[in-house]
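The values are calculated or read from the model by the stated rules, or taken from the named source; none is laboratory data. Please read all numbers here as calculations on a predicted model, not as lab measurements. Positions of Cβ are backbone-derived with ideal geometry, glycine not excepted, and every protein chain shown enters the neighbour counts. These accessible areas exclude ligands, DNA and RNA; they are computed on the full protein's heavy atoms, side chains included. Shrake-Rupley method; radii C 1.70, N 1.55, O 1.52, S 1.80 Å.
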Amino acid sequence: EAGVTQFPSHSVIEKGQTVTLRCDPISGHDNLYWYRRVMGKEIKFLLHFVKESKQDESGMPNNRFLAERTGGTYSTLKVQPAELEDSGVYFCASSRSLNPGYEQYFGPGTRLTVT
Amino acid sequence: QKEVEQNSGPLSVPEGAIASLNCTYSDRGSQSFFWYRQYSGKSPELIMFIYSNGDKEDGRFTAQLNKASQYVSLLIRDSQPSDSATYLCAVNPPFQKLVFGTGTRLLVSP
């Protein structure tokens, strides 16, 4: 079974530019999560999809961030326009079940650097 | 107050010793508790989860939960140099998201 994949692994962009991150969850996992780790801080939740629907987007920092999951398969996270404080590692995770003790499988992350 | 608190470390233990990692959380409604291990530059990997008070053992790992004290810990017996990593405590409040601590860096010396 293939794991969660993310693309790109690393992106360097200038302030004001747009970047789109992609996440492919494990096949059959309806739940898809985006998290972000800013340097020196804890991993923070951004949002949660159940299939193609946004279940919880309480962690999205502002309206410069747009997440989509058309068709309930892969997801994209677009940052437009990027700001310096958006730099960090963006993790995607997926899980099969919402029951207690479910495992969220994490992808390798996309390291975003905004200069 | 942070939702999930961990000592950042590093926690240094000699090979073969027991490593004890601790975590406290603020939301009394939290339902499930997780320990993830993260090697530098890699993705978090789930080691243990626990949702009932008491101990849960899996190989060299034991997770301990005390909901009254809002405290969860991870014991690693017979620590190996390959256990050197950052250990992330994560809590599942009454929603599906995970709330993470900043992690404790563990160093196991040969």
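Descriptive notes on the structure:
- Taking the centroid of alpha carbons for each part, the range B:53-96 and the range A:53-115 are 26 Å apart.
- Per residue solvent-accessible surface (Å²) - chain A, probe of 1.4 Å: 49
- Contact residues in the range A:68-92 (at least 20 Å² less accessible area with all protein chains than alone, 1.4 Å probe): A:91.
- Using the 1.4 Å probe convention, the accessible area of chain B works out to 47 Å² per residue with neighbouring protein chains retained.
- At least 50 Å² accessible surface lost relative to isolated chain, residues of the range A:34-59 (1.4 Å probe): A:37, A:42, A:43
- In a simple Cβ point-charge model (Lys, Arg +1; Asp, Glu -1; nothing else charged), the protein assembly as shown has a dipole of about 280 debye relative to its Cα centre.
- Taking the inverse of the mean 1/r over every pair of distinct Cα atoms in the protein assembly as shown gives a Kirkwood hydrodynamic radius of 18.0 Å.
- Here the protein assembly as shown carries DSSP beta bridges of which approximately 90% are antiparallel, counting only pairs with both residues inside.
- Database remark: amide H of residue A:11 closer than 5 angstrom to the amide H of A:111, A:112, A:113 (H placed geometrically; neighbours at sequence offset of 5 or more, or on other chains; Pro and chain starts carry no H).
- Cubic angstrom per residue, convex hull over Cα atoms of the range B:1-109: 94
- Taking a straight Cα-Cα cut-off under 13 Å and skipping sequence neighbours fewer than 8 places away in the same chain, the aspartates and glutamates within cross-link reach of residue B:2 are A:42, B:27.
- Cross-link reach is defined here as a Cα-Cα straight distance under 16 Å, omitting same-chain residues fewer than 8 places apart; for residue B:67 the lysines meeting it are B:56.
- Divide the volume of the convex hull around the Cα atoms of chain A by the residue count and you get 97 Å³ per residue.
- Accessible surface of residue A:30 - all protein chains present, 1.4 Å probe, nearest 10 Å²: 60
- For residue B:107, the solvent-accessible surface with a 1.4 Å probe is about 70 Å², rounded to the nearest 10.
- The chymotrypsin sites (Phe, Trp or Tyr not before Pro) of the range B:17-110 that DSSP puts in a loop, and whose beta carbon has at most 13 other beta carbons within 10 Å, are B:39.
- Computed over chain B: relative contact order in percent, which uses C-alpha pairs under 8 Å that are six or more apart: 38
- For residue A:46, the residues 5 or more places off, or on other chains, whose built amide H falls under 5 Å of its own are A:34, A:35, A:36.
- Interface burial for A against B (accessible surface, 1.4 Å probe, total of both chains, Å², rounded to 100): 1700
- Surface share of carbon and sulfur [accessible, 1.4 angstrom probe, percent] for the protein assembly as shown: 48
- Note on chain A: with charges restricted to the Cβ of Lys and Arg (+1) and Asp and Glu (-1), its dipole about the Cα centre is near 140 debye.
- In the range B:69-110, the residues whose accessible area drops by at least 30 square angstrom when the other protein chains are added to the isolated chain are B:96, B:97, B:98, B:100, B:102; the probe is 1.4 Å and only protein heavy atoms count.
- Probe 1.4 Å - accessible area at residue B:97, Å² to nearest ten: 50
- Sequence-distant lysines (8 or more away, or on other chains) whose Cα lies within less than 17 Å of residue A:51: B:97
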